[in-house]
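Since the structure comes first, as structure tokens, the remarks are kept for the end.
The values are calculated or read from the model by the stated rules, or taken from the named source; none is laboratory data. Note that the structure is a prediction, hence the values are computed from the model and not measured. Glycine also receives a Cβ, built like all others from the backbone with ideal geometry; neighbour counts cover every protein chain displayed. Protein only, heavy atoms only, side chains kept; ligands, DNA and RNA dropped before computing areas. Shrake-Rupley method; radii C 1.70, N 1.55, O 1.52, S 1.80 Å.
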Amino acid sequence: MRYHNITKDDMLNGDGLRVVLWVAGCAHGCKECQNPVTWDPDGGLLFEEEAKKELFEQLEKSYISGITYSGGDPLFPGNRKEITELAKEIRQKFPEKTQWLYTGYEWSQIQDEEIVSYLDVIVDGKFEAAQKDTKLHWKGSANQKVIDVQNSLNTGKIVLHDA
């Protein structure tokens, strides 16, 4: 897996202060995407132990609410295995921290993936420029959903995360 950046003390990509991992690789090609530089799966830097150490150092801080995976698309086929392993390790080491994930895939396409069991919130769906709305909380277009993952898994239907 490759990544472009690790953002610290982020308040725009989920509840509270967060650390954000911006991965490389996306096949959705959304018109007017805010991060087209992240589409190339061979772009950015190799995600190695030093990057993981940087993430974990941030997560150790009491004021950091959790981690958000963005990009690119963390669920791009070339990222899924490593993102799943990372999410599992973070859930084990930092069970009190929330994990958010942004993806262009729909809930129905990913709800059975292993990674979902480690996540708290998924923002699903491609960014649709025609439905862009800067007033929306944690999403860029009206078609996207901010999903409470664990409640959705428990009930068998999509439960939206309260803003």
Qualifying residue in the stretch 90-97 (condition: buried (at least 17 other Cβ atoms within 10 Å of the Cβ) and either of a type in the set (S, T, N, Q) or more than 23 Å from Q58 (Cα to Cα) (or both)): no
Complete set of residues in the stretch 55-73 that are more than 10 Å from V19 (Cα to Cα), in contact (Cβ under 8 Å) with a residue 40 or more places away in the chain and either in contact with a Lys or Arg (Cβ under 8 Å, 6 or more places away or on another chain) or open to solvent by 50 Å² or more (accessible area, probe 1.4 Å) (or both): Y63
Unique match (being under 15 Å from the mean Cα position of the chain (by Cα), surrounded by 17 or more Cβ atoms within 10 Å (Cβ to Cβ) and of a type in the set (A, V, I, L, M, F, W, C)) among L17, L21: L21
Boolean, A87 is more than 12 Å from the chain's Cα centre (by Cα) and among the aliphatic types (A, V, I, L, M): no
Criterion violated by K126 - all others in (1) surrounded by fewer than 17 Cβ atoms within 10 Å (Cβ to Cβ); (2) basic (K, R); (3) in contact with a strand residue (DSSP E or B) (Cβ under 9 Å, 6 or more places away or on another chain) satisfied: (1)
Qualifying residue in the stretch 140-158 (condition: loosely packed, with under 14 Cβ neighbours inside 10 Å and of a type in the set (D, E, K, R)): yes
